[in-house]
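What follows is one structure encoded as structure tokens, with my remarks underneath.
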Amino acid sequence: MIAAFDVEMVSASTPACENVRPTSTVAVITEGTPGEPPDGAASLEGNPTTTEDTVLSAKEPRRILRHARWGLIPSWTKTLDKRFLLINARAETVLSKPSFRVAARSRRAIVPASGYYEWMKNPDGTKTPFFLHARDETVLGFAGLYEWWKVPGGVELRGAEDGWLCSVTIITRSATDSLGHIHDRMPVIVPPASVGTWLDPELSDRDEVDAVLNSLPEVALIPTERAPS
């Protein structure tokens, strides 16, 4: 994973897990100034309308492997509740929704994975599990967004460090025809040649980010009938 994504610094690592669930700790790859939290995180507190133009400062950009909670918590929320179990963000609206638009412009990530599971609904009401993966079994890089959330004093939260919690969401798009019969949505996959552009902390213009997101090609995946262990 480190070599595949040219990781320069390992802030934290997570053990491999075949069946990752919402709120689980997952590995994410980011690019920006090293630190926990990165420069500028403290300024993200407050109202989302006042943080829309906040961009991560990157004096010495480095590609970092860190861990994050799967389920993005907007930096401006004061309390943690089920409204913010934001495990996915739709590519079509990610740059306009208040929960995602700031992160989409300044805190993009790669979520590395060997594949993902979907359950196909059958006519009789049952569901068949499929594992979707690359034909050559290479690691995939899902397009993600991450946020830093200041944990309220006295609250203990798994994965938090020094009072801050990093959380992540995975961007999805309409599934390709070959996979649409299994599920109508699929993760946006960043090919190796586009990883640097997607993570670039200098890329912050809304229209330019949207253009990059829309330029990412659809990746053909292989569905293998298999249940998670």
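The values are calculated or read from the model by the stated rules, or taken from the named source; none is laboratory data. Note that the coordinates shown come from a computational prediction; the quantities given were computed from them, not determined experimentally. All Cβ positions, glycine included, derive from the backbone under ideal geometry; neighbour counts span all protein chains shown. Note: areas computed on protein heavy atoms with side chains; ligands, DNA, RNA excluded. Shrake-Rupley method; radii C 1.70, N 1.55, O 1.52, S 1.80 Å.
Kindly identify the range 72-200 as rounded, prolate or oblate by the Cα gyration tensor criterion: order the square roots of the eigenvalues as a ≥ b ≥ c, call it rounded if a/c is under 1.5, otherwise compare a/b with b/c, prolate if a/b is larger, else oblate.
Prolate shape, in that a/c is at least 1.5 and a/b is the bigger ratio.
Ignoring any ligand, DNA or RNA, what whole percent of the accessible area of the range 89-173 comes from carbon and sulfur when the probe is 1.4 angstrom?
Ligands and nucleic acids excluded, carbon and sulfur reach 51 percent.
How large is ³J(HN,Hα), in whole Hz, for each residue of the range 25-30 in order, when computed from phi with the Karplus curve 6.51 cos²θ - 1.76 cosθ + 1.60 and θ = phi - 60°, using x for Gly and Pro?
Ordered by residue, 3J(HN,Hα) equals 8, 10, 7, 9, 10, 10 Hz.
Collect residues whose amide H, placed 1.01 Å from N in the peptide plane, falls under 5 Å from the amide H of Trp164; neighbours closer than 5 in sequence don't count.
Val151
What are the ³J(HN,Hα) values, in whole Hz, obtained from phi via the Karplus relation 6.51 cos²θ - 1.76 cosθ + 1.60 with θ = phi - 60°, for each residue of the range 145-159 in sequence order, with x given for Gly and Pro?
With coefficients 6.51, -1.76 and 1.60, one gets 10, 10, 9, 10, 10, 7, 6, x, x, x, 9, 9, 9, 4, x Hz.
What ranking, highest mean first, results for peptides 3-12, 67-76, 160-169, 191-200 when packing means the other Cβ atoms within 10 Å averaged over each residue?
Top of the packing list down: 67-76, 160-169, 191-200, 3-12.
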